[in-house]
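Chemist: Structure incoming, see below.
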Number of protein chains: 4
Amino acid sequence: MNTFGRIFRVSLYGESHGPEVGVVIDGVEPGIALSEADFAADLARRRSGAKGTTPRREPDLPLIRSGVFEGHTTGAPLTIAFANTNTHSADYALFRSTPRPGHADYTADVKYGGFNDPRGGGHFSGRLTLPVVAAGVVAKKVLAETVAEETSGHVAFSLAARIVELGGVSRAAAEARAGTGPASAGTPEADAALWAPELSSAAAEGDSLGAVVECIADGLPAGLGEPFWDSVESLLAHAMFAIPGVRGVEFGDGFAAARMKGSAHNDPFDLAETHHGLRLTPSASNHAGGINGGITNGNPIVFRVAFKPTSSIRKPQRTASLEVPVAADGGGASAPGLTELSVPGRHDTCFALRAPVIVEAMAAITLADLLDIA
Amino acid sequence: MNTFGRIFRVSLYGESHGPEVGVVIDGVEPGIALSEADFAADLARRRSGAKGTTPRREPDLPLIRSGVFEGHTTGAPLTIAFANTNTHSADYALFRSTPRPGHADYTADVKYGGFNDPRGGGHFSGRLTLPVVAAGVVAKKVLAETVAEETSGHVAFSLAARIVELGGVSRAAAEARAGTGPASAGTPEADAALWAPELSSAAAEGDSLGAVVECIADGLPAGLGEPFWDSVESLLAHAMFAIPGVRGVEFGDGFAAARMKGSAHNDPFDLAETHHGLRLTPSASNHAGGINGGITNGNPIVFRVAFKPTSSIRKPQRTASLEVPVAADGGGASAPGLTELSVPGRHDTCFALRAPVIVEAMAAITLADLLDIA
Amino acid sequence: MNTFGRIFRVSLYGESHGPEVGVVIDGVEPGIALSEADFAADLARRRSGAKGTTPRREPDLPLIRSGVFEGHTTGAPLTIAFANTNTHSADYALFRSTPRPGHADYTADVKYGGFNDPRGGGHFSGRLTLPVVAAGVVAKKVLAETVAEETSGHVAFSLAARIVELGGVSRAAAEARAGTGPASAGTPEADAALWAPELSSAAAEGDSLGAVVECIADGLPAGLGEPFWDSVESLLAHAMFAIPGVRGVEFGDGFAAARMKGSAHNDPFDLAETHHGLRLTPSASNHAGGINGGITNGNPIVFRVAFKPTSSIRKPQRTASLEVPVAADGGGASAPGLTELSVPGRHDTCFALRAPVIVEAMAAITLADLLDIA
Amino acid sequence: MNTFGRIFRVSLYGESHGPEVGVVIDGVEPGIALSEADFAADLARRRSGAKGTTPRREPDLPLIRSGVFEGHTTGAPLTIAFANTNTHSADYALFRSTPRPGHADYTADVKYGGFNDPRGGGHFSGRLTLPVVAAGVVAKKVLAETVAEETSGHVAFSLAARIVELGGVSRAAAEARAGTGPASAGTPEADAALWAPELSSAAAEGDSLGAVVECIADGLPAGLGEPFWDSVESLLAHAMFAIPGVRGVEFGDGFAAARMKGSAHNDPFDLAETHHGLRLTPSASNHAGGINGGITNGNPIVFRVAFKPTSSIRKPQRTASLEVPVAADGGGASAPGLTELSVPGRHDTCFALRAPVIVEAMAAITLADLLDIA
């Protein structure tokens, strides 16, 4: 299903080397100010170019095709498209018969009976995260306006994701090494500088690195989510695992909780002054990541997403070919055979450098729908 | 939304101390042999009683209310209910005003405006996993029959979950310590014996433990799942995070993948004799957990689920009370106050001992729907 | 799909001669007062016994299985079941091989590969409208409370369906004939008296009659519904055509609109004092049935539903038998043959006498969901 | 919700005077030959220009934006857009304050809080039926290929809609009058000629006409559809009532069934040679319109759709204005007032002339999804 959400509903379309990629968003509140300029900041965070990211650069200008009139959302489906302009397809011709390890070349071929668009990964390309980021911009506006409205401006919604570990080196360690302290900007460029030693070393080997992204959403009311089946964790994890390259998702203490005792993992309750008056609230300890029984408890929602290392590497890897190979003696061979593949082109050493804004977008899309249902 | 799935659709209902808990399953293939006896084995694996689990024991006999005629599924909605017979509600009266840390008492109260059934956790109770296990039994039958039919009996579907770590001690270490070797049965009783030292120690302290469950599904064809939004990981994680107490889900190498290099994490391709003939397949290394680009690749699907320690503990925890406390001097106090709570009753020291069959059930429900859509 | 609705979601289960029929309703607002007694009035309107209806009478006591605590809805799934107590299955044994004209015997057999429960029509039985009526009672309460709350009590929601034509005789003509005037109660008993001549005549012939039901919903705000695909007409018609035996649905002027000119069919706009102040409103002419462009305009929603004559008739009808017939000379015949069937048992001469409360229930279910989404 | 379908899923977007209108179709089988030329015939049937239709003519060239590679569908979401090139918005400026009777101007304004795009009806425009027709072309191909494949080419799927009544004059009467006989082409041009007297007369009065469209789908297997809630009638009616201007939908005998006796309305069963061998089938009488109990019975599916007369008419109609009117004596008036509106521009005298291909498209979209689920 290419659609996610019950009320705030997001549908994606497009292929890496087709005419365009885009998104249709249904259920957007009418009256939200929106123009192309609103997308610039988040799109810049996703754009490639930092050390460790691929130099393919496209202007990535959002084209609003429906749902906006006189600078405001209309309430009708909102369509945002991005033209594909920098497409060199020749490189990818061989991937149908010789699938790249770690990519969807093989599974897409099986799923679609060989009719999928193989150029640049087609519909499986990371380029589909471009309309995801655009939908995230809209969702963030919906969240900010709804939270402000429902709390008469007393509470501000915030959402922030950043890399907390790359190539096995934590942000704290990288910051200590760089002497930047926790003030680093968290942009792909700043992060690439923080982890420059790891990135340089992996790039020199023709290899790649993974990373862990942490995301924190604050300002949402308690009471969102459902016990079955749409717990807040279920919905957020559903969205996160739709991002190409994600291997794990955890909330609050996450996998570490499995090694803790109940007395250490439970968040005791406190009383706190809120804008609703003195309220019983979970304590600031927040081992639960802001969620009990699948329902938000008013604490910040905290989760982490594990990204695998970039699959495309220069270093040769074994793969198999369905083409008929020519034997060394010049005779024909009738069976397909194993081969080695060095993925051509220039690739992200660590595509996760560009992932935080995508994680934010997916979180915003999910949370906007949750808030709309509540 | 209390329903999960597009074709094989599962709806849950019931409260811990209401008349019953149950499940309605829509989209079940007609003609599958099904009787109450088919549920016995899986229900036994979920039943409490092992060391480290709560002694509440109910007969848990499934009542088939619709969808079965002359011993076979009819294709119409299949309803299975379990009467609640062993309900002592008195213990739970105070949890509305004094919510238990780690539980949904507080969030349920907020979400439902104080109208939720608080007895035994109500609709948030782990007792809801009873109809989940029942639905899992049906889903496993659907999977087994469909895979057998589609492969003319050449391939058998298999699904198995077991605890791989409890209280921070790996299964391998526990088995080595116990001298059982990898032949241990994997029942709650056998597992409770394996990790007896950790369970005894925690129980003595009035505390609790968490665990990690690993699940492996084998025999499914390549090509299941969708790039957006219903990747196989998205759907499985959605279901897993609906199980009470889950904190993390990871596939294949999982979070460890974030610390690997691409050359180590990518699964190279092989050629293999399958029942379809010589085929290009991912290698047995299976770092990806059987999924590329959100689509099954034909390898076993492998994932792990982190369970938090049981929230209910005898050890006193701080919580807050919305009741008006009486001051020491006998005068009334107008503000609610903090208090300490020792959760009464007898509880699972590690409820995850009973979780493997629930993880299997959730996986089966998810995979049956995926297979039906394909 | 056995579920209808996005927020207020209704799932049906059960077979006519199985243990029970029932409904699970998800998304019910918490805090609505609800007890078994609330269902009595509507269930009585559906109950058989009037002249022209079948004498099968069951107590039809609703069993609330989940979702109610201390007399109020909890917000968790609400389950209501009705035991099947008066089931004589022997009559129905032959319908699998000799399908009844007009019934689902044949199509159910094809759809479910012969595994459907054929007794009393199984899941296709009109008995499934019993839980529909129960869900309607809940939906009516949700509508009444929501409208009252949103208008601070200034507006009352109302919903009423009644037969406007039976056996080709309009209510006005029948009332004139009976001298009752428009004050007739609209119960199955009163309606059976109004159309007694037609019912008696058809019953004497062993034949059956159809009818048209009109339904009017008033008090809903303007602005409900969506242009694509969930127009108010689309959703109401979706629900109406799920009632067994419905052949047509029309809104406002309906099919007559196709014979009108625009100047006669368009509703001019008026200005009216509403509880929101002086407002532009559509005029009282209401040719559109309260809906423009798929969206409610604030006028009463008006639609009509055509019910076919009861399919089960005593009068012999031609059907075919898949059983091997015995030829007149006593020899075996190898091919199936045509036969005549007089449907045994006692049946409604006009089941539509019991339909108004079902139409209301379906309308309430649909409108409650629309109001919840808005 | 702007999406329809469970497997074959269609999402619409766009406004009449925005940049474009379009459709995203998810769940299209891979490998279906598709090019822009495939849309020409159906788009021509929808195009305006015949007597009785508006002269707004746009090239209406489909732009395939995703989901097609090397001339075949890929299985990924298929996007088809149509640029809006002939947009004169000035005419529509006054409709926000002075809503056109019969249009969605008022309801859209209420629903979207005044933020809807009012130009040309915005998202409510009949122009949205353009991508509907495009989606119908794809659905027809899916149906034709699936039916051919499942019956090894023995059965051909067919789908045909045509006007059976216009301005109160039946096709038979119009054909008799014109002397064309039943061989008339059924194009908008041919139909405009058939009903020329009615159209000319209404146009001369500045008025408009409605019509009834009948649609027949043949070649589908028995067994499609579900008892609750997705009967074949429910799904088809849901789609039909999403077409702007539809007032009624009926199947088989439709509303006439309410005036028939059971012995006349029931379809007896026959035995027939089919490509599956001698089979029990419903007779050719087909009073049920090919559906029993919500499930297809193998007979042609037959239904009729009532279209209201065009809402936009030159003849002055009463409406109300929210603008402050100026009193005759030159003083200001503080209250809004009633006014008369002659809708400017040139409009279809009978927009239903262009409706048959839209009805076919909606039917094809619905049936393709039904066939995919089965």
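Chemist: If packing is taken as the mean number of other Cβ atoms within 10 Å per residue, what is the order of D:105-115, C:121-131, highest first? Write out the running numbers ahead of the final one.
Modeler: Working: D:105-115: 23.3, C:121-131: 26.3.
Listed from highest to lowest mean packing, they are C:121-131, D:105-115.
Chemist: Right, another one. Using +1 at the C-beta of Lys and Arg and -1 at the C-beta of Asp and Glu, which of B:L341, B:V305, B:L224 has the Cα lying farthest in the positive direction of the dipole of chain B?
Modeler: The Cα lying farthest towards the positive end belongs to B:L341.
Chemist: Just want the answer: with Cβ charges of +1 for Lys and Arg and -1 for Asp and Glu, which residue in D:A272, D:A83, D:A284 is farthest toward the dipole's positive end in chain D?
Modeler: Going by the Cα projections, it comes out as D:A83.
Chemist: Also, I was wondering about something else. How many partner chain Cβ atoms sit within 10 Å of a residue's Cβ in peptide A:38-47, on average, as a whole number? Walk me through the intermediate numbers first.
Modeler: Numbers: counts 0, 0, 0, 0, 0, 0, 0, 0, 0, 0.
That works out to 0 on average.
Chemist: Can you compute the modelled spin-label distance between D:A178 and B:T151, with each label point 7 Å from Cα toward Cβ, in nm?
Modeler: Result: 6.1 nm between the two label points.
Chemist: Evaluate the Debye formula for segment B:188-287 with equal point scatterers sitting on the alpha carbons, no solvent, and hand back log10 of I(q)/I(0) at q = 0.16 Å⁻¹, in q order, two decimals.
Modeler: For segment B:188-287, the Cα-only Debye profile gives -0.98.
Chemist: What distance in nm separates the simple spin-label points at B:A160 and B:T187, each placed 7 Å from Cα in the Cβ direction?
Modeler: 1.6 nm
Chemist: Taking the rotation axis that maps chain B onto chain D, which residue of B brings its Cβ closest to that axis, and at what distance in whole Å?
Modeler: Checking which Cβ lies nearest the axis yields B:R6, 3.
Chemist: With the label 7 angstrom out along Cα to Cβ, how close does B:E175 come to the same site in each of the other copies, in nm, nearest first?
Modeler: 4.2, 7.8, 8.1
Chemist: Between beta-carbons, use under 13 Å as the cut-off and find the net charge around B:P316, counting Lys and Arg +1, Asp and Glu -1. Can you show the working numbers first?
Modeler: Values: positive: B:R100, B:R314, B:K315, B:R318; negative: B:E205, B:D207, B:E340.
Taking every other residue near B:P316 into account, the sum is +1.
Chemist: Averaged over peptide C:112-124, how many Cβ atoms belonging to another chain are found within 10 Å of each residue's Cβ?
Modeler: Details: counts 11, 7, 4, 12, 6, 9, 2, 1, 0, 2, 7, 11, 7.
Counting Cβ atoms of other protein chains within 10 Å of each residue's Cβ and averaging gives 6.
Chemist: If I take every Cα pair under 8 Å that is 6 or more residues apart in chain C, average their sequence separation and divide by the length, what percent do I get for the relative contact order? The partial results should precede the final answer.
Modeler: Values: 766 pairs, mean separation 83.1, N = 374.
Reported relative contact order: 22 percent.
Chemist: If you average the sequence gap of Cα pairs under 8 Å that are 6 or more apart and divide by the length of segment C:5-70, what percent do you get for the contact order? Each step should come with its number before you reach the end.
Modeler: Numbers: 42 pairs, mean separation 14.2, N = 66.
Relative CO of segment C:5-70 lands at 22 percent.
Chemist: In whole Å, what three semi-axes, largest first, describe the equivalent ellipsoid of the protein assembly as shown built from its Cα gyration tensor (square root of 5 times each eigenvalue)? Intermediate results must be reported in sequence, preceding the final value.
Modeler: Details: eigenvalues 507, 298, 253 Å².
Values for the protein assembly as shown, descending: 50, 39, 36 Å.
Chemist: In whole Hz, what ³J(HN,Hα) sequence does segment A:135-141 give by Karplus (6.51, -1.76, 1.60; θ = phi - 60°), x for Gly and Pro?
Modeler: Running phi through 6.51 cos²θ - 1.76 cosθ + 1.60 with θ = phi - 60° gives 5, x, 4, 5, 5, 4, 5 Hz.
Chemist: May I pose another question? Just list whichever of C:K51/D:K261; A:K261/B:K51; B:K111/C:K140; C:K308/D:K140 have alpha carbons separated by over 25 Å in the model shown.
Modeler: Details: C:K51/D:K261 17 Å; A:K261/B:K51 17 Å; B:K111/C:K140 23 Å; C:K308/D:K140 31 Å.
Those over the limit are C:K308/D:K140.
Chemist: Separate question: Non-local amide H neighbours of D:T319 (under 5 Å, H modeled in plane, Pro and chain starts lacking H): which ones?
Modeler: So D:T319 has HN proximity to C:F269, D:T339, D:E340, D:L341.
Chemist: Which distances in nm, rounded to one decimal and ordered from shortest, link the label point of C:A264 to the equivalent label points in the other identical copies, with labels set 7 Å from Cα toward Cβ?
Modeler: Its label point is 2.6, 8.3, 8.3 nm from the equivalent points in the other copies.
Chemist: Once every DSSP H run of n ≥ 4 in the protein assembly as shown is given -39500 (n - 2.57) and the sum is divided by its residues, what mean residue ellipticity at 222 nm do you get, rounded to the nearest 500 deg cm²/dmol? Provide the component values of the computation, followed by the final result.
Modeler: Numbers: 36 runs with 364 residues, N = 1496.
So the calculated ellipticity at 222 nm is -7000 deg cm²/dmol.
Chemist: Continuing with this model, one more query. Would you kindly derive the ³J(HN,Hα) couplings of segment A:244-256 from the backbone phi angles with the Karplus curve 6.51 cos²θ - 1.76 cosθ + 1.60 (θ = phi - 60°), listing them in order in whole Hz, with x for Gly and Pro?
Modeler: Per residue, the Karplus-derived 3J(HN,Hα) values read x, x, 7, 10, x, 9, 9, 10, x, 5, x, 4, 5 Hz.
Chemist: To continue, here is another question. State to the nearest 20 debye the size of the charge dipole of the protein assembly as shown about its Cα centre, where the only charges are +1 on K and R beta carbons and -1 on D and E beta carbons.
Modeler: Working: 120 positive and 164 negative charges, 1 e Å.
That gives a dipole near 0 debye.
Chemist: Follow-up. Return P(r) of chain B (all Cα-Cα pairs; 10 Å bins starting at 0; whole %; ordered from short to long distances).
Modeler: Binned Cα distances yield the sequence 5, 21, 30, 25, 13, 4, 1, 0, 0.
Chemist: Shifting gears a bit: Other chains' Cβ within 10 Å of C:195-206 residues: what's the mean? Spell out each step's value before the answer.
Modeler: On the way: counts 0, 0, 0, 0, 0, 0, 1, 3, 0, 0, 3, 2.
That average works out to 1.
Chemist: Can I ask one more? Return the loop-located GluC sites (Glu not before Pro) in segment A:58-164 (DSSP other than H, G, I, E, B) with at most 14 other Cβ atoms within 10 Å of their own Cβ; answer none if there are none. Mind showing how you got there, number by number?
Modeler: Working: sites: A:E70, A:E145, A:E149, A:E150; in loops: A:E70.
Here the GluC sites (Glu not before Pro) that fit, given the DSSP loop and packing criteria, are A:E70.
Chemist: Residue by residue, what Karplus-based ³J(HN,Hα) values in Hz, rounded to whole numbers, does segment A:211-220 have, using 6.51, -1.76 and 1.60 with θ = phi - 60° and x for Gly and Pro?
Modeler: In residue order, the calculated couplings are 7, 10, 10, 10, 10, 10, 10, 10, x, 7 Hz.
Chemist: Suppose every K and R has +1 on its Cβ and every D and E has -1 on its Cβ; what is the size of the dipole of chain C about the Cα centre, in Debye to the nearest 20? Each step should come with its number before you reach the end.
Modeler: Values: 30 positive and 41 negative charges, 190 e Å.
The dipole magnitude comes to about 920 debye.
Chemist: Near the amide H of B:D230, under 5 Å away, which other amide H atoms are found, from residues 5 or more places off or on another chain, if H is placed in the peptide plane?
Modeler: none
FYI, it's all coordinate maths here, none of it is from the lab. Values in this document were obtained by computation on a predicted structure and should not be read as measured data. Ideal geometry is used to build each Cβ from the backbone, glycine not excepted, and the neighbour counts take in all protein chains shown.
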